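Written below as structure tokens is the structure these notes are about.
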Amino acid sequence: MKSVSGETVDNTKYSYFGRLSYDYLGRYLLQASLRADAADLSKLSKKTRWGYFPAVSAGWTISEEKFFQPLKKWFDSLKFRASWGQNGSLSALSGYSYSTDMAQGGLYPFTSGINYTQAAAPSTMGNDELKWETSEQLNFGFDGILFGGRMTFGIDYFTKKTKDLLVWNTTPSLIIGGATSPINAGNVENKGFEFELGWRDHIGDFNYSIRANLSTLKNEVTYIDPSITRVAGSTFHTYTVTWFEQGYPVYYFRGYEFDKIDPETGNPLFKDLDGDGKISDGDLTNIGDAIPDFTYGITLTAAYKGFDLTVFGTGSHGNDVFNCINRPDYTTSNRLKEVFYDNRWTPTNTTGDKPRAGANDMDKYAISSALVYDGSYFKIKQIQLGYTLPKNLLKKVAINHARIYASLDDYFTFSSYPGFDPEASANSTTGMGIDKGSYPTSKKIVFGLNVEF
Amino acid sequence: MKKNILYIALLAVATMGFTSCEDQLDIEKHGNMGSQETYYTTDDNVNSATASLYLQMRSLHYNWFMTKNCLADDVWSAGGSRGDNGDMERLNEYTFDMDNGMIQSLYSGLYSVIYKANLIIDKVQGDTPTMKRAINEAKVFRAWAHFELVTLWGTAPVVDHLLEPSEYRKGNSTPADHWALIESDLTAAIESGTLPSKSDADDQETGIRATQELAEAFLGKAYLFQGKYNEAATMLDKVISSGKYALFTADDYDMQFHAKYNNNCESMFELQKRNDQEQMGNQLDMLLLMQGWRSDVLSYSGLANSVIAQGTYGFMNPRKSLYDAFVAQEGANGYRLNKTMMTYEQLEAFGVSVQPGATVYGCEGYFMWKNQSLKEDCVMDFSAFQGLQYCNLKVMRYAEVLLLAAEAQLQAGNTAKALDYINQIRTRAKETPLTSVTLNDIKTEKRLELCNESVRFQDLVRWGDAITAMGQQGKEIPSFTTTGVKWGFQNTNYGFKEKHMLLPIPLKELNLNSNMQKNAGW
């Protein structure tokens with residue numbers, strides 16, 4: 001593989017995989033597998049390169065059992081599934097990060113003129129114990145089909161534990177001087193339910209279907225290496241605003257708890273949680289996270305003669321968004337009227353709920369719960385209406401198939417979040433729910449014509 | 001079920017049969033430079049390790065400079081508006097706590113310098129002249145870093161060797177431990193005879209790296225800070241009598257701070273930058289970008305528009321008290337005063353005015369001049385990010401050596417030498433020479449000569465003058481408009497107190513390392 005700078009990068013992985021399957025009369029299914037993966041030297045040392053990842057799954061088609069036969073008239077099929085498995089990942093690693101090998105780092109001029117000496121130092125301080133990050137997933141579920149295929153449903157429960165999570169840039173102490181190697185520092189647990197329900201039928205020429213799904217998610221960091229209090233995530237201006245810490249959702253928002261606007265001065269006031277009489281680091285607390293309580297989706301379709309209609313929407317509930325747009329050093333840009341202007345404190349509006357212009361502690365305000373919003377939303381992703389022209393009409397002009405349609409894409413969003421887009425995210429892991437004003441999804445009105453000759 | 005067992009057995013056999021392929025995973029690192037155990041064995045490699053130490057110093061410089069000058073009484077931290085860099089503001093107003101980010105970065109950054117130095121001191125194998133020089137250079141910077149640690153934090157740990165992981169959580173050291181290491185490192189470097197000296201004051205080449213005289217200057221300073229006046233006087237006199245350094249007089253006083261006069265005769269040590277577009281991204285820093293006047297509230301015309309690099313952020317504006325101190329000594333038309341800072345009237349005459357209705361935060365109507373970035377300082381004049389100057393970053397200049405020596409001589413009872421040294425400074429500043437000298441004369445001279453040059457805070461603490469000078473600092477903060485100065489921001493808890501004699505051991509360190517104790521009063 002060639003990197004952007006033109007350097008060739010070699011990656012090798014060495015794997016064994018074995019699988020056993022057992023199927024009895026289509027009623028009982030059993031599967032077991034084991035894989036053994038070895039990473040190359042750029043990722044792990046020889047000592048720890050091998051990871052072993054087993055998996056088992058079982059299925060039971062209940063509807064094939066004798067005792068189920070009386071229900072068969074209306075209950076077409078019912079399956080039970082259970083699975084457990086482990087997987088390894090090293091995607092967080094690169095470039096011999098466990099080793100104390102020397103690396104070039106910068107140029108320094110030791111003589112006058114443009115003439116540099118290449119600098120070199122150990123790339124990291126080393127970690128011989130570095131090993132595979134493992135995720136372990138446990139799943140139980142039912143799938144069912146009823147009423148002659150008209151109704152389908154699925155119920156799943158899952159837990160996914162990520163163990164020995166690879167974490168970079170940990171600090172055992174401020175006096176070490178060098179860069180630490182990544183360590184296997186934490187465990188994360190995700191668990192939840194997934195429900196799916198579908199119905200499809202027709203009334204004469206009118207066909208319709210409805211599908212809905214709902215997933216719940218609970219996410220928590222269950223362990224972190226004792227050498228680390230918390231791992232820093234995304235930053236905003238000079239502050240780290242998301243953190244990875246035991247007992248909290250991954251990369252939760254940590255900031256000051258906004259109390260109220262001081263009616264005397266218009267300055268924001270914060271809760272002194274540690275009771276030391278001043279607002280400082282000790283008062284930082286969990287002020288929200290980007291993990292939704294549940295997400296859901298719904299799809300409706302209908303067709304009558306040549307007409308067809310699709311409506312498709314998704315939603316999320318209970319996720320927070322951290323509005324990281326206000327920077328105290330940018331006085332005149334990037335300010336949302338709803339967030340900083342409406343109902344602000346002025347000498348004539350001393351009950352305002354936003355700070356006065358130029359208030360004290362705006363740097364704390366910018367990383368406080370005042371700028372964390374409920375990011376729950378429901379978006380109608382698409383409403384599409386189509387019409388397929390009658391075949392007999394088309395034959396005359398040698399056209400096989402023609403459909404015209406009009407579509408509203410990403411057109412309706414229902415959310416109380418005042419920013420551009422409640423789905424905002426600074427990056428996929430450490431910056432979930434951090435709104436730095438990224439370009440929002442645009443609303444689209446699409447007219448189309450499909451023709452096949 | 002028997003079949004399954006057979007499969008498992010087959011899999012197991014297959015696994016064993018193929019293990020010989022595993023050596024394909026042993027991918028050697030590209031351009032592998034070897035491990036740290038074998039690297040430090042050639043002159044070229046040792047030079048690369050030394051370059052890495054110098055780069056560490058250069059990357060620390062910004063934080064080192066900003067933290068110490070915000071803590072002193074020369075400037076307002078200022079910036080675009082209230083809260084623009086809250087960490088600096090809190091240092092400047094003495095509202096900071098143990099969690100201050102600047103203090104934490106400076107603390108860990110000094111240990112990064114020590115780590116780079118320890119790599120050389122502990123790992124270099126061999127005794128070629130290059131290697132001996134590198135080891136002694138590393139000792140100079142290890143001592144320098146410990147000097148900053150002991151004068152700022154007092155009880156931070158001494159780290160005199162590469163730490164094993166089991167030693168990462170050291171407990172507090174005593175100031176005496178620090179001074180012992182500083183003296184032994186610098187004495188060893190001086191006595192090794194491996195550090196070069198400049199050929200003469202105008203030698204712009206040799207002083208790019210640490211010289212014999214730099215080690216002597218650091219050691220003299222360390223003696224003075226411990227009250228060892230005789231030793232300090234002797235050591236600093238060595239630097240002066242070497243004749244290898246001189247006060248800058250080739251151009252106006254203020255020009256010594258600009259790229260044109262990098263490595264001039266007054267430079268004891270400065271971190272290097274080059275006028276090189278190819279490398280400008282790698283040597284960018286925000287020192288002058290931060291300190292340039294706040295461009296977005298100003299209009300530039302005439303001479304100012306053609307010489308000043310615009311797009312700067314307006315931190316570190318001089319206090320009126322500093323201006324007043326200059327006027328008391330030099331008068332409002334003092335040469336050095338006018339080459340150090342400007343009043344608003346002088347600024348306007350130069351071609352810069354505050355935009356109508358605009359507010360200059362953290363400003364009493366005085367504007368620093370000696371730290372401005374000129375267009376001619378820029379590798380590229382880039383107003384969207386004015387961080388591309390090639391002005392070297394000063395760590396120590398000869399004026400400081402003369403003033404340290406004046407103080408040491410006075411305290412040691414050699415008034416004549418003290419008078420000679422302070423008068424050298426005064427003559428260059430176009431002031432009348434003194435006929436007698438007191439400690440207060442030296443204190444004032446040093447404040448004016450070296451304002452906003454990273455020495456004042458440690459001096460005030462050492463002299464016991466900090467509470468007098470800064471007890472009220474941070475009570476209220478000004479903003480300047482064309483109609484006058486407004487004091488729109490107040491603190492209820494402010495000012496230098498007894499506990500500030502030592503900076504707090506960073507909260508993060510206390511959280512990470514249970515062996516460390518807080519400093520008194522924190």
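Side notes on the structure shown:
- Residue satisfying all of: in region B:136-181; polar (S, T, N, Q) and modelled with pLDDT of 95 or more; nearest to the chain's Cα centre (by Cα) among these: B:T151
- Residue within region B:468-491 that is within 13 Å of chain A (Cβ to nearest Cβ) and on the phi > 0 side of the Ramachandran plot present: yes
- Enumeration of residues in region A:262-284 that are at pLDDT 90 or above and away from chain B (no Cβ under 14 Å): A:K271
- On the stretch given as region B:379-389, residues that are surrounded by 18 or more Cβ atoms within 10 Å (Cβ to Cβ), part of a loop (DSSP other than H, G, I, E, B) and not aliphatic (A, V, I, L, M) total 2.
- Enumeration of residues in region A:247-261 that are in a loop (DSSP other than H, G, I, E, B), crowded, with 17+ Cβ neighbours inside 10 Å and at pLDDT 90 or above: A:Y248, A:P249, A:E257
- Subset tally (residues that are within 14 Å of chain A (Cβ to nearest Cβ) and hydrophobic (A, V, I, L, M, F, W, C)) for region B:266-297: 8
- Restricting region A:9-32 to residues that are closer than 27 Å to A:A92 by Cβ, of a type outside the set (G, A, S) and assigned to a strand (DSSP E or B) leaves a set whose member that is nearest to the chain's Cα centre (by Cα) is A:K13.
- B:T19 vs. criteria part of a helix (DSSP H, G or I) and at pLDDT below 95: yes
- Per-region count, region A:84-139, residues of a type in the set (D, E) and within 22 Å of A:V188 (Cα to Cα): 3
- Taking the conditions (1) β-branched (V, I, T); (2) buried (at least 16 other Cβ atoms within 10 Å of the Cβ); (3) free of Cβ contacts under 8 Å to residues at least 40 places away in the same chain in turn, A:T159 satisfies each one other than (2).
- Where a residue in region A:352-374 is within 14 Å of chain B (Cβ to nearest Cβ) and its partner, wherever it lies, is surrounded by fewer than 23 Cβ atoms within 10 Å (Cβ to Cβ) and among the hydroxyl-bearing types (S, T, Y), with Cβ under 6 Å and at least six apart: A:I367/A:Y239
- Top-ranked residue in region B:32-82 [being facing chain A (nearest Cβ under 7 Å) and in contact with a helix residue (DSSP H, G or I) (Cβ under 7 Å, 6 or more places away or on another chain); ranked as surrounded by the fewest Cβ atoms within 10 Å (Cβ to Cβ)]: B:N47
- Top-ranked residue in region B:413-436 [being outside any helix (DSSP H, G or I) and of a type in the set (D, E, K, R); ranked as surrounded by the most Cβ atoms within 10 Å (Cβ to Cβ)]: B:E431
- Verdict on A:I175 being out of contact with any Cys (no Cβ under 9 Å at 6 or more places or on another chain), within 27 Å of B:R169 (Cα to Cα) and free of Cβ contacts under 8 Å to residues at least 24 places away in the same chain: yes
- Restricting attention to region A:92-123 and to residues that are touching a residue at least 40 places away in the same chain (Cβ under 8 Å) and surrounded by fewer than 20 Cβ atoms within 10 Å (Cβ to Cβ), the residue that is farthest from the other protein chains (Cβ to nearest Cβ) turns out to be A:A92.
- Boolean, B:K486 is basic (K, R) and over 25 Å from the mean Cα position of the chain (by Cα): yes
- Every pair of residues 6+ apart whose Cβ atoms lie under 6 Å, when the first sits in region A:57-82 and is touching a residue at least 60 places away in the same chain (Cβ under 8 Å) while the second is aromatic (F, W, Y): A:W74/A:F147; A:F80/A:W60; A:F80/A:F142
- Qualifying residues in region B:83-94 (those that are at pLDDT below 95 and in a loop (DSSP other than H, G, I, E, B)) - the one farthest from the other protein chains (Cβ to nearest Cβ): B:N85
- The residues in region A:182-229 that are in contact with a strand residue (DSSP E or B) (Cβ under 7 Å, 6 or more places away or on another chain) and within 24 Å of A:S99 (Cα to Cα) can be counted, and the count is 9.
- Meets criteria (modelled with pLDDT of 90 or more, under 30 Å from A:M151 (Cα atoms) and within 11 Å of another protein chain (Cβ to nearest Cβ)) for A:Y22: yes
- Among the residues making up region B:95-123, those that are surrounded by fewer than 23 Cβ atoms within 10 Å (Cβ to Cβ) and more than 10 Å from chain A (Cβ to nearest Cβ) are B:I121, B:D122.
- A:E189 meets the conditions (1) closer than 24 Å to A:G313 by Cα; (2) touching a Lys or Arg at 6+ places or on another chain (Cβ under 9 Å) in every case but one. The failed one is (1).
- The set of residues from region B:183-241 being acidic (D, E) and not in a helix (DSSP H, G or I) comprises B:D200, B:D202, B:D203, B:E205.
- Taking the numbered list (1) assigned to a loop (DSSP other than H, G, I, E, B); (2) among the aromatic types (F, W, Y); (3) over 20 Å from A:G315 (Cα atoms) in turn, A:F420 passes all entries but (3).
- Matching residues, region A:33-49, being closer than 19 Å to A:G85 by Cα and either facing chain B (nearest Cβ under 9 Å) or more than 30 Å from the chain's Cα centre (by Cα) (or both): A:L34, A:A36, A:A38
- Condition met for A:Y157 (under 29 Å from A:A290 (Cα atoms), at pLDDT below 95 and of a type in the set (S, T, Y)): no
- Within region B:444-480, tally of residues that are surrounded by fewer than 17 Cβ atoms within 10 Å (Cβ to Cβ) and either modelled with pLDDT under 95 or not polar (S, T, N, Q) (or both): 8
The values are calculated or read from the model by the stated rules, or taken from the named source; none is laboratory data. Being a predicted model, the structure only gives us computed values, none of them experimental. Positions of Cβ are backbone-derived with ideal geometry, glycine not excepted, and every protein chain shown enters the neighbour counts.
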